[in-house]
1. Would you pick out the residues in the stretch 81-102 that are modelled with pLDDT of 95 or more and either assigned by TED's automatic domain parsing to the domain that holds Lys160 or outside any helix (DSSP H, G or I) (or both)?
2. Are any residues in the stretch 210-228 hydrophobic (A, V, I, L, M, F, W, C) and touching a helix residue (DSSP H, G or I) at 6+ places or on another chain (Cβ under 9 Å), and if so, which ones?
3. For Val111, are the conditions met, namely being buried (at least 22 other Cβ atoms within 10 Å of the Cβ), at pLDDT 95 or above, under 25 Å from the mean Cα position of the chain (by Cα) and not in a loop (DSSP other than H, G, I, E, B)?
4. Find the residue count for the stretch 118-167, including only residues that are basic (Lys, Arg) and in a loop (DSSP other than H, G, I, E, B).
5. Within the group Ile322, Ile328, Ile382, which residue is within 17 Å of Cys219 (Cβ to Cβ), of a type in the set (Val, Ile, Thr) and within 24 Å of the chain's Cα centre (by Cα)?
6. Would you say Tyr151 is of a type in the set (Ser, Thr, Tyr), buried (at least 21 other Cβ atoms within 10 Å of the Cβ), on the phi < 0 side of the Ramachandran plot and touching a helix residue (DSSP H, G or I) at 6+ places or on another chain (Cβ under 6 Å)?
7. Out of everything in the stretch 87-106 that is over 12 Å from Pro73 (Cα atoms) and under 21 Å from the mean Cα position of the chain (by Cα), what residue ends up being surrounded by the most Cβ atoms within 10 Å (Cβ to Cβ)?
8. What is the number of the single condition among (1) surrounded by fewer than 22 Cβ atoms within 10 Å (Cβ to Cβ); (2) in the same structural domain as Pro73 (by TED's automatic domain parsing); (3) in contact with a Phe, Trp or Tyr (Cβ under 8 Å, 6 or more places away or on another chain) that Thr119 does not meet?
Amino acid sequence: MNMRFKSLFLSSFLLASMQSFSVEVENISAPTEAVLELVKKYELEQVDFNYVKKAINLGTRNSINAILIDVRPEIKYQKGTIPSSLNIPDTKFEEYYSVLKDIPMQKELIVYCGGYNCTKSPIVAQKLKDKGYTNVKIYSGGEPEWGKLSYLEIDTLAAKVYQEKNSALIVDARPYLKFLQETIPGAISIPDTSLVKLLGRFPINKSEKIVIFCGGYNCEKSHIIANKLVSLDYENVMVYAGGLPSWKERGLNTTASAYIEKYDEVAIVKKDSFSKNGFKRGSDEGSVDGEWLKKQILENKIPSYIQIVDVTTPNEFKTGHIKDAINIEASKLSAKELLEKLPKNKTIVFNCTAGGRSIDAWSKLNDEKVDTSEIYYFDANISCKDNNCKIDVNEPLL
């Protein structure tokens with residue numbers, strides 16, 4: 001996703017266009033003759049809303065079954081797109097085409113634009129075929145139909161406008177501990193794992209704008225809440241998929257500085273400590289010292305007494321994971337069931353893609369008074385292809 005700030009003019013234009021975010025959905029319910037002519041000319045296959053919904057799976061970048069391509073102008077894409085989409089504006093095809101440089105030629109691509117009367121998608125679809133892509137389809141309903149039936153994804157510029165103007169309810173879907181550590185100013189905490197209990201915190205007025213975020217493009221928590229709200233007939237649900245990591249990358253303010261000052265005042269001193277097995281604890285309760293564990297992983301020197309337990313879905317695990325990790329999808333299990341599945345006589349470390357589900361797994365056991373003296377979580381953003389992992393450790397709370 002191209003997320004650089006363009007200019008004050010761009011911000012003003014976006015703000016003006018977002019003032020009336022109740023999107024005008026066209027009344028056309030089938031492709032126009034002009035679109036159909038291009039579809040026939042280029043021999044393209046058309047797909048519908050339900051097909052696209054299955055294709056994006058959980059909505060995260062690492063769970064998709066197909067690559068969605070929004071060919072509308074960047075400003076439209078920033079304001080609202082189908083979750084996980086990449087942007088290749090039709091008028092800047094050669095400039096933006098490089099976003100597909102790592103995508104295999106046989107990968108399914110689904111191209112869309114501004115609805116059933118928009119001819120941009122078949123034109124770009126043909127350009128992609130000319131580049132060598134062999135499995136290109138179009139979704140003629142595009143963003144207007146999707147926005148009417150489901151939730152949209154927004155980028156940092158749009159999220160910033162909503163936050164600054166206080167024009168949307170901003171929801172942090174990560175665990176409450178992560179929310180206390182650092183969040184977007186003005187956000188409220190509704191962890192996905194507490195959603196049923198906290199549903200009453202959402203507006204009674206179902207046309208209110210709601211922006212949900214979590215730990216970045218591979219974090220599914222915001223999508224879980226968005227799907228639930230859509231099922232409850234909320235009309236203006238958006239996911240800020242870049243989440244807190246993208247917010248911080250832009251240098252935007254968070255609550256962290258004020259929180260750190262608060263603890264500086266009471267003179268809290270960090271001290272490294274070790275478990276009885278020699279495991280280096282982090283400063284936050286239940287955490288491993290992230291940099292210490294990262295070093296062991298990258299140098300392939302994980303001590304034999306440690307068992308890393310990947311708590312993501314089986315499909316995510318198959319895509320890539322830390323070497324010698326085992327997979328237990330903790331979110332599907334009760335505390336008792338999870339404990340029974342954990343290896344005995346080992347120091348357990350939960351990991352996931354962004355840290356949130358790892359904390360959830362540890363908290364599930366800790367809340368049930370399980371002895372967690374040798375059970376920890378790894379708070380890090382982790383992206384793996386096979387056993388090759390990129391690891392960015394999140395800053396501790398204390």
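1. Thr81, Ile82, Pro83, Ser84, Ser85, Leu86, Asn87, Ile88
2. Residues satisfying the conditions are Ile210, Val211, Ile212, Phe213, Cys214, Cys219, Ile224, Ile225.
3. Yes: the conditions hold for Val111.
4. 1
5. Sole residue among the options that is within 17 Å of Cys219 (Cβ to Cβ), of a type in the set (Val, Ile, Thr) and within 24 Å of the chain's Cα centre (by Cα): Ile382.
6. The answer is yes for Tyr151.
7. Leu100
8. In the conditions (1) surrounded by fewer than 22 Cβ atoms within 10 Å (Cβ to Cβ); (2) in the same structural domain as Pro73 (by TED's automatic domain parsing); (3) in contact with a Phe, Trp or Tyr (Cβ under 8 Å, 6 or more places away or on another chain), Thr119 misses (3) alone.
The values are calculated or read from the model by the stated rules, or taken from the named source; none is laboratory data. The model shown is predicted, which means the values in this text are computed figures rather than measured ones. A quick note on method: Cβ atoms are made from the backbone with ideal geometry, for glycine too, and the neighbour counts reach across all protein chains shown.
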